[in-house]
Each structure stands twice: as structure tokens, then as C-alpha cells.
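The values are calculated or read from the model by the stated rules, or taken from the named source; none is laboratory data. For clarity, every value in this text was computed on a predicted model and none was experimentally measured. A quick note on method: Cβ atoms are made from the backbone with ideal geometry, for glycine too, and the neighbour counts reach across all protein chains shown.
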Amino acid sequence: MSRATTESVAEIKARNKQLIDEVLKVYPEKTAKRRAKHLSVHEAGKSDCGVKSNIKSIPGVMTIRGCAYAGSKGVVWGPIKDMIHISHGPVGCGQYSWGSRRNYYVGTTGIDTFVTLQFTSDFQEKDIVFGGDKKVTKLIDELQELFPLNRGITIQSECPIGLIGDDIEAVSREKSKEYGGKTIVPVRCEGFRGVSQSLGHHIANDAIRDWIFDKSAPEASSKFQPTAYDVAIIGDYNIGGDAWSSRILLEEMGLRVIAQWSGDGSLAELEATPKAKLNILHCYRSMNYISRHMEEKFGIPWCEYNFFGPSKIAESLRKIASFFDDKIKEGAERVIAKYQPLVDAVTAKYRPRLDGKTVMLFVGGLRPRHVIGAYEDLGMDVVGTGYEFGHNDDYQRTAQHYVKDGTLIYDDVTGYEFERFVEKIRPDLVGSGIKEKYVFQKMGVPFRQMHSWDYSGPYHGYDGFAIFARDMDMAINSPIWGKTTAPWKDAPRPSLMAAE
Amino acid sequence: MTQNAEHILDHSELFRGDEYQQMLANKKALFENPHDPAEVDRIGEWSKTPEYREKNFAREALTVNPAKACQPLGAVFAALGFERTLPFVHGSQGCVAYYRSHLSRHFKEPTSCVSSSMTEDAAVFGGLNNLTDGLANSYNMYKPKMIAVATTCMAEVIGDDLNAFIKTSKEKGSVPADYDVPFAHTPAFVGSHITGYDNTLKGILEHFWDGKAGTAPKLQRKANNWINFIGGFDGYTVGNIREIKRIFELMGIGYTILADNSDVFDTPTDGEFRMYDGGTTLKDAANAVHAKATISMQQYCTEKTLPFIKGHDQEVVSFNHPLGVSATDDFLMTLSRITNKAIPNALERERGRLVDAMADSSAHVHGKKFAIYGDPDLCYGLAAFLLELGAEPTHVLSTNGSKGWEQKMQALFASSPFGKNCRAFPGKDLWHMRSLLFTEPVDFLIGNTYGKYLERDTGTPLIRIGFPIFDRHHHHRYPVWGYQGSMNVLVKILDKIFDEIDRKTSSVGKTDYSFDIIR
């Protein structure tokens, strides 16, 4: 394997182009023309990856994408732990997204914390016919009675809500008034809106702007005194504890994290964020909107960072520190130095086992680019990558800061394309989601889920990097991959002479 | 620093270190605006009371932690049981991502399914173009032998007519005119995943038997001696269908398993990804019209399919997820009656072994109280088995159970002295169950993975039987039907009972007694 390392860049590019031509042959003409725009071979020096993105998926091709509801309830809002998020509509959406994203938190679940509960209006036919506003009105009363410690409520719209003409905004206003200005947020994240999860992120960001920022003062619930070193973590969903293994570094360098968006986050943290001196943004895709808004409205600067792998972590710590005084800059150096022995030990242990191994990725928001550095820290080579719901600005960042010349790029990849690409390139590892995992493992290709960290993590920060390195080693060097072919399959026919 | 390269700590250990614990405590105190801990305790305690239970049971609009999914999940599950069949769900695309993830998390297997990816414009103009393009793309890319179409709630709300759309799509050349595209309307706001299973299976049979939506002559039934078998929506389909085949073969019965997804959810890792594997052949699906009878293992998964089949002059018989001695006896005797085949000695021996095992162990189960939740048939089967063991299925809750189911459950309870204090709860959810477990405690809880939250809150030990099971691996490979399947269920129950005694008696210097070596 590791074919890419033994080929010249020109050979790789020629092969990748040929691969693209091959997969396009399966499509009807119209579809081939459309898909061709999403597949490319990266040319070094170009400002983007040469693919179209954030456009409608083609029917029937087996897109990996989800919907706006998944982007809002599943990603942005769901982790806010002290609010209740109603999956408003039929039962399925909330059921399939119930507890599956591993947004870690601490709290008394069911009493003052609600992340891993599934609240739904469980629409029946009569709700479709007569509308659901009355039902959700009553539902809010029942929530208030049975879950009195909830700090707020969001109404996450499923497909029917927007189609039957419900007015959840009016319900929210009315009930908020009735409950003394309680935070009740209507979110128009119906699954048919937009082309992927991405619009759901945007809608969720806008809902925070309109129904939290515009309706509360930053002092509303957090009484702390601001300091010069207050920052907010934006776009970390604390999957497997990612935000915690990030927060600890920021605090060690002397900063104070006043809010987490949104993993292990609370309404008070959202409300207090305008007090931050700097917003640091991990998942650009899902939360750039609110960062830009806070910059415009409150004058809070924001900076992107990357806490995957020691190279990017150090670079990011210094970048974040550059917004502050020498005390913080020294703090960043101190943190980098403190963790260097851990980084050295992890690298010494795992790099020899992973050096030169190739990886193909297909993930969501930031990971198709952000994790590349962590693989490179271990000597690994990302030979193909693509975004489930990226936009052109994601591909620009990818091209300008992350991928190598000749990398195969596939936007909104179809099941068919991904299988063919992996089959031909035979990387040492594929990193994608649960829907892809077993496909590639059946093919004998090691795999790690890169949405849920395959139930491991955290992968952020130095503590997370150790786990990341171990997990990649575990996947690639598992003895099981030597056993996928029965020994009698390849063996020469046994001679019966001796027995005869 | 907590992390260590030599002994890398996972999340379960890492965050319990002092540095992280201190960090989290500071975060909470300074920034989270937490409630007074005494107030949290007070509400927590209140939530365990009969008073809370009363309010909880008075809910009319709110559902919390339901134990059911939506129709198209069942549609995909059923469609995957046919030879080289690609499930195609017409509507928003996110739904399909959810069904695929959900089934893959349970079976640890790939789930192939496509969407027509409808968006705002389709909401306005209808999804005909999406269906037409989608069928053409799927047909060319994945070379299915059949595409089985279902709907999401979006397509249902806007009123897309699958019959007309598929006809028009074919006229536009998306797939050949004689290509099999059965369909079923599966609105998420009616019924649950078991309804979607039912509608889809009926849609497929109707397609083959009743003239393929007016494009072929209806099949003329020529009765034979074969038996059709329908498993229903079943998280144990892999183990169960194999067990049923073994039983049929032991009895020498000619059979057709309808919607046989036992292979596609259990493909080997040998270097090849099999997008399609096994399944009921399309020929067998068509020929199933000639069978002598159809047997459904789950009445509530086939409420429309069975009457449809009966309308084609077959005998139909349904069971409620038969488990245990008598239910399995009944199942085998029914097979025997219909086919005139004797129940072979091998199965009689298996029966004897199950009775033997129950006799050996029933002292540990007898008199124990259980709460059960899940799909209506599974609940019934489990409750009946527990009654045979002298246990009491005190609370039996099915979110997708009907009034009819409730009556049937109550009749079952009335049939046994152990059912005296037992009650069925149709249409209730796991937050209702939480109140039941606090106010009328039981010894054990049987349910799916989500029961672990109830176990944590109420301390009722959870025995994982149901769907989905996400946090334990490979249970679906073991049957829970037949005498041998019942044996598996018995062992699962017993293991938890014994583990629980050990757990409660494992404090050295305090409970050294009862920590027994022999039981």
C-alpha cells in the first residue's frame, strides 16, 4: 500500500484524473455533467480546490448529506445543556438524533440538564391537518410543569412545520411573555431548506442572534466581572470532550473561557459571550455567522484556530496569544513547552508505526482540512479529501493551508464515487462517518469515524492528540486486517501426493 | 498533566482527573448560572413522587423519550430484504441519512438507501422531477434489480402521488417500463416504524401479485403447499431468520421468507463490499401468492399485509413475537397443522432442553418483577415468557402499542396468576416509565439501549432486549425465536440476575456472605 508515496506527483495527478473520468461514466449524461464539477485534482498554488460546492445534491445518487434540522438541532442547539430542544413534528428526526453525537456535558440529566433527552411533539395526522401551534403551545406548558428548572426552550422545526403554515414565532412570543420573558426560540430549520446541514447551522446562528442576543443583556444571567483575558470558544461541540481538552490549554496560558459554543454550553454562556475580548472559532463552517455578527455588533474580533495535532495546536496557541499582551504570549510558550514531552513521547511511540501511511477523508464542517496536520505530525499523508457540506471558503482554506499538490478532491461525494476511489487508491486508512464505516471495513480497509471519533476522543488539544495517535495506530495496525482473506484462498493448491 | 503516552487515558478516565474536575467546577460556578444544588435535589426528588407521576401521566402534547421511530425506517428495513433491492425514499434527504445511520449503528453493517433529495423548489412544485432523475441515477449507478419507493413526511404533506409519479417517470425513460418499482406511502405522522414495514411489504407483494400497477396481468393463484414467513421489524433478524430457516428445514417444509434481510445485515469482511446480499428473490416474492398460508411472527407489523394476503385466498396466521415454551409450541403446532408435517424429534428435544433449563433456573426468576418496553409484539412475547417463568411483567409499555394491544396484554395477564398485578401502557414513553419505576419499583427492566438512562436514574438493572441496541455488540446475531432463541433470552435474563446479586454483595467486610460460588 502507501502507493502515493512511491509515485511522482505527475503520476498521482494522472491517476486521479483518470479515476474521476472513470466514475463519471456510470452516470446518465446530465448527472455526469453535474457531478464533474464536484470532483477535482488539487493543483498547488491555486486559491481553491477547483470544485463547486454547497449546491443541491442530485436525487438517487446516495449522498452522505443530512438536512437543516440536523445542522440546527443536531449540531448547534442540541448541546446547549440547560435548555430543552423540542423536535417539533413527527417522531423520527428526534429519535434518530437522540444522543448520537456524543456532545459531552455535566449536569443532572432530566432535572437541570437535557441534552440526552428526546423531546418531541410527535405529530399525528390531525396535527398536519389542523396545524401544530396549539399542540406546541400546550407542550410548552407541560415542559414548564414537568421540567421547571429548564433555562429556555427551542422549537426545532421538522419538515411539516414550514409546509402547513404554522406560526411558531407567534407561539414563542406569546409563551415567552406568559412566562415572564422566558427564552423561547423558534428555529425554522425544516429539513427541506437548503441543500445540507449547512443552512441549518446558519439558521441556528441567526436564531441565537435574533432570539437571544437581541432579547437579553449580556449581564442577564452571568454576573461575573469581565477581565482583559476573556475569550469564548466558538464551534466546538465537545464531542468526546473536545472542548474540555481545548479549554484546559487556554486556561493554562492565562486566558479565561467565559463561554463554550455549544458543547457543554449553557444559556448563560451564550448570553454572556458579548463580554468576550476575542472569539476563537474552531468549526468555521457552522459558526462563522455568529462570529461575524458579534464582530459587527459588539466589535469582538474572532480568529480561527486548529487544535488537531501538536503543530497546529502550537501555531494556534501563538495566534490566539497574538491578540493579547506578553503575559498571554509567554503563557502560550509555557503551555507549548509543558506539553512538548508528551508530544515527543506520543510521536516517538506512534510515528514509526504510521509513517508514510495514506489517508482518505470525507467529513463535515472543518475536519476535511483541520485534521490533516495531525496526520502529518504522525508522518501520514492525506491523499484525498472532501466536504459533506462545505462552501467555497472551506475549499479555499483547504487549498491555501492544508492539501498537497495532486490530492483528490470530492465534494458531496456519492456512495458510488467514494467506493471506487478507495478501491483504486487503496489508502491505509479512511476517515468518514457511520454510513461509510462498514462499507470500507468489508473491503478490508481500516477505518475511523471522524464525526463521532468512533466513540473515542477527545481528539482536540494535546491530551486529545495522544488518543488520536493511538486510535489511528489501532485502526491501521490491527491484526485483524491480515485475516480478511481465508488462507486457502491464495495458497497454492495443496498437494495430495503425500497422503496418497 | 493527566495524559500519558505509555498509558493513554480515554475520555472515561481522562476527565475524572483533578485538573479537569477543577476546571469543570470553575466553569459551572462562574459561567453556567447554575441552579442552587438544593433546588436541583428538591426537583430531582419531586420527580420521583406519585404527585409527579400524576402530572407526568396527564401530559397530552409532550412526548419525552419515545420508544418508537417513524414509518420510513421500517420501509427501508423491509425493502432491504429483497434480492438486489435498493430502498428509495422520496422526500427530504436528511431522513435517509438518519435511517442509514440508525440501522448501521444497531447492526454494525452498511445500510444502502437513496433519497430523492427534495428541497424548497420541490416543496412548491412537487417532487416529480426528483423522482424521475433519482430513479434514473440509482438504476444506472447501483444496478439494483428492484427499487422500492417509500416517502418521507415532506412528500406526504405536499401530497406527491407515487403511483402517478412512478408511471410518469417511466414514461420519461428513467427506468425501463417493465422494471420493478413497487411503492408505499409511509407518512411519519401515522403509526411508527412497524407501520412502515407493513405498508412497504404490502406494497411489494401488491406490486408482484396484482399486476404491477396496471402494467402486467394479475397473477392467478395456483395453490401449493408452501408457507410464506414474515418476521416483521426485528432487531434480531439476522439470528432469528436463520433459526426459522433451520426449523422449517428440520420439519421439511417448503417455505419463502418474505423480506429476508438476514444476509444483507450480516455480510463477511473478506475484502469485498456486498451492497446487496441474499434476500427474497423477486421470483419467490411473486410466487408467494401460490402459498398455502402466510405466517407473521408479529401481528402488529402486518396489520395491513395479512388481510391483503388473506384476500388472495391464503390462510394467514399471526403471532406476537413468540417466546418461551407455550408460544413456541403454538408456533410449531400451527406449522404442523397447516403443512401436515410432524414436529420432528429434534425439535421436541430442543423443547425438552428449554424446559430443562427453565426448571434448573426458574427459582432465580420466580416472583421477580419486571418492567418491559418496546414494540408491541416483542412486549407481548417477553411478557408471556416471563409469566411462564413465574415472574411478573409488572409494567409493559409500548409507545407504538394500540388500544387493541392493551386489551390483548391485559387478557394475557388475566390468564396467569403471575399477571395479577401487571398492567399494559399503550402510547406511553420512557419518561412515563421513569415515573412507574420510581413509584412502583420492579427488580429488572427489559428494553433497548435507551433504557440505560432509566437504569441510571432509577437503579433498575437493564436487560438489553429490543431495538436499537447501540451500546452492546452483536446481539442481533443470536436468535430470540424458537426454543433455542428462548434459551438465549433466558440466559440473558439470568446473567443479569446473577450479576446483580454479585454487584450487591461485593463489598468486602460488609457483604462477604451471599457472594456465592455456586447458585
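At-a-glance table
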| item | result |
| --- | --- |
| Single match in B:GLU83, B:GLU51 (criterion: closer than 30 Å to B:CYS379 by Cα and more than 7 Å from chain A (Cβ to nearest Cβ)) | B:GLU51 |
| Candidate set from region A:322-339 (those that are under 27 Å from the mean Cα position of the chain (by Cα) and surrounded by fewer than 18 Cβ atoms within 10 Å (Cβ to Cβ)); member that is farthest from the other protein chains (Cβ to nearest Cβ) | A:SER322 |
| Helices (runs of 4 or more DSSP H) (entirely within region B:1-96) containing at least 1 residues that are touching a residue at least 24 places away in the same chain (Cβ under 8 Å) and under 30 Å from the mean Cα position of the chain (by Cα) | B:50-57, B:71-79 |
| Cβ pairs under 8 Å, 6+ apart, first in region A:406-423 and surrounded by fewer than 22 Cβ atoms within 10 Å (Cβ to Cβ), second among the β-branched types (Val, Ile, Thr) | A:TYR416/A:VAL23; A:TYR416/A:VAL26; A:TYR416/A:VAL61; A:GLU419/A:VAL439; A:ARG420/A:VAL23 |
| Matching residues, region A:219-247, being crowded, with 24+ Cβ neighbours inside 10 Å and among the β-branched types (Val, Ile, Thr) | A:VAL231, A:ILE233, A:ILE234 |
| Of all residues making up region A:157-166, the number that are facing chain B (nearest Cβ under 10 Å) and surrounded by fewer than 24 Cβ atoms within 10 Å (Cβ to Cβ) | 3 |
| Subset tally (residues that are closer than 30 Å to A:SER222 by Cβ and either more than 7 Å from chain A (Cβ to nearest Cβ) or aliphatic (A, V, I, L, M) (or both)) for region B:2-27 | 11 |
| Matching residues in region A:251-265 - criterion: being within 10 Å of chain B (Cβ to nearest Cβ) and touching a residue at least 40 places away in the same chain (Cβ under 8 Å) | A:GLU252, A:ASP264, A:GLY265 |
| Near pairs, Cβ below 6 angstrom, 6+ apart or cross-chain, from region A:424-448 (part of a strand (DSSP E or B)) to any residue that is of a type in the set (S, T, N, Q) | A:PHE447/A:GLN441 |
| So A:ILE212, is it under 28 Å from the mean Cα position of the chain (by Cα) and either modelled with pLDDT under 95 or of a type outside the set (S, T, N, Q) (or both) | yes |
| Residue within region A:266-283 that is in contact with a His (Cβ under 8 Å, 6 or more places away or on another chain), away from every other protein chain (no Cβ under 14 Å) and of a type in the set (A, V, I, L, M, F, W, C) present | no |
| Scope region A:415-444; condition more than 9 Å from chain B (Cβ to nearest Cβ) and hydrophobic (A, V, I, L, M, F, W, C); matching residues | A:PHE418, A:PHE421, A:VAL422, A:ILE425, A:LEU429, A:VAL430 |
| Residue satisfying condition, being within 14 Å of chain B (Cβ to nearest Cβ), surrounded by fewer than 23 Cβ atoms within 10 Å (Cβ to Cβ) and hydrophobic (A, V, I, L, M, F, W, C), within set A:VAL75, A:VAL61, A:VAL26 | A:VAL26 |
| Close pairs from region B:425-448: first among the small types (Gly, Ala, Ser), partner assigned to a helix (DSSP H, G or I), Cβ under 6 Å, at least 6 apart | B:SER435/B:ARG53; B:SER435/B:ASN56 |
| Selected residue (criterion: nearest to B:VAL181 (Cα to Cα)) from residues of region B:149-171 that are away from chain A (no Cβ under 11 Å) and hydrophobic (A, V, I, L, M, F, W, C) | B:ILE166 |
| Scope region B:385-408; condition of a type in the set (A, V, I, L, M, F, W, C) and either closer than 30 Å to A:PRO90 by Cα or assigned to a loop (DSSP other than H, G, I, E, B) (or both); matching residues | B:LEU389, B:ALA391, B:VAL396, B:LEU397, B:TRP405 |
| Residue that is surrounded by the fewest Cβ atoms within 10 Å (Cβ to Cβ) [pool: residues in region A:355-386 that are within 14 Å of chain B (Cβ to nearest Cβ) and touching a strand residue (DSSP E or B) at 6+ places or on another chain (Cβ under 9 Å)] | A:VAL363 |
| Qualifying position, being exposed (fewer than 11 other Cβ atoms within 10 Å of the Cβ), touching a residue at least 12 places away in the same chain (Cβ under 8 Å) and not polar (S, T, N, Q), among B:ARG519, B:ARG464, B:ARG472 | B:ARG472 |
| Contacts under 6 angstrom Cβ, first residue in region A:91-102 being within 8 Å of another protein chain (Cβ to nearest Cβ), partner part of a helix (DSSP H, G or I), 6 or more apart | A:CYS93/A:TYR69; A:TYR96/B:TYR98; A:TYR96/B:HIS102; A:SER97/A:GLY74 |
| Filtered residues of region B:359-382 (kept if in contact with a Leu (Cβ under 8 Å, 6 or more places away or on another chain), in a helix (DSSP H, G or I) and over 21 Å from B:PHE438 (Cβ atoms)) | B:SER361, B:SER362, B:HIS364, B:VAL365, B:TYR380, B:GLY381, B:LEU382 |
| Filter result for B:MET141 (surrounded by 24 or more Cβ atoms within 10 Å (Cβ to Cβ), among the aliphatic types (A, V, I, L, M) and either touching a Lys or Arg at 6+ places or on another chain (Cβ under 9 Å) or within 7 Å of chain A (Cβ to nearest Cβ) (or both)) | no |
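Okay, residues lined up against (1) in a helix (DSSP H, G or I); (2) surrounded by fewer than 22 Cβ atoms within 10 Å (Cβ to Cβ); (3) over 24 Å from the mean Cα position of the chain (by Cα):
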residue: A:LEU249; (1), (2), (3): yes, no, no
residue: A:GLN260; (1), (2), (3): no, no, no
residue: A:GLU269; (1), (2), (3): yes, no, no
residue: A:THR273; (1), (2), (3): yes, no, no
residue: A:ARG292; (1), (2), (3): yes, yes, no
residue: A:GLU296; (1), (2), (3): yes, yes, yes
residue: A:PHE307; (1), (2), (3): no, no, no
residue: A:LYS312; (1), (2), (3): yes, no, no
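A quick yes/no check of all residues on (1) within 11 Å of chain B (Cβ to nearest Cβ); (2) closer than 18 Å to B:PRO66 by Cβ; (3) free of Cβ contacts under 8 Å to residues at least 12 places away in the same chain; (4) buried (at least 20 other Cβ atoms within 10 Å of the Cβ):
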site: A:GLN118; (1), (2), (3), (4): yes, yes, no, yes
site: A:SER121; (1), (2), (3), (4): yes, yes, no, yes
site: A:GLY131; (1), (2), (3), (4): no, no, no, no
site: A:LYS134; (1), (2), (3), (4): yes, no, yes, no
site: A:LEU139; (1), (2), (3), (4): yes, yes, no, yes
site: A:ARG151; (1), (2), (3), (4): yes, no, no, yes
site: A:ILE155; (1), (2), (3), (4): no, yes, no, yes
site: A:ILE168; (1), (2), (3), (4): no, no, no, yes
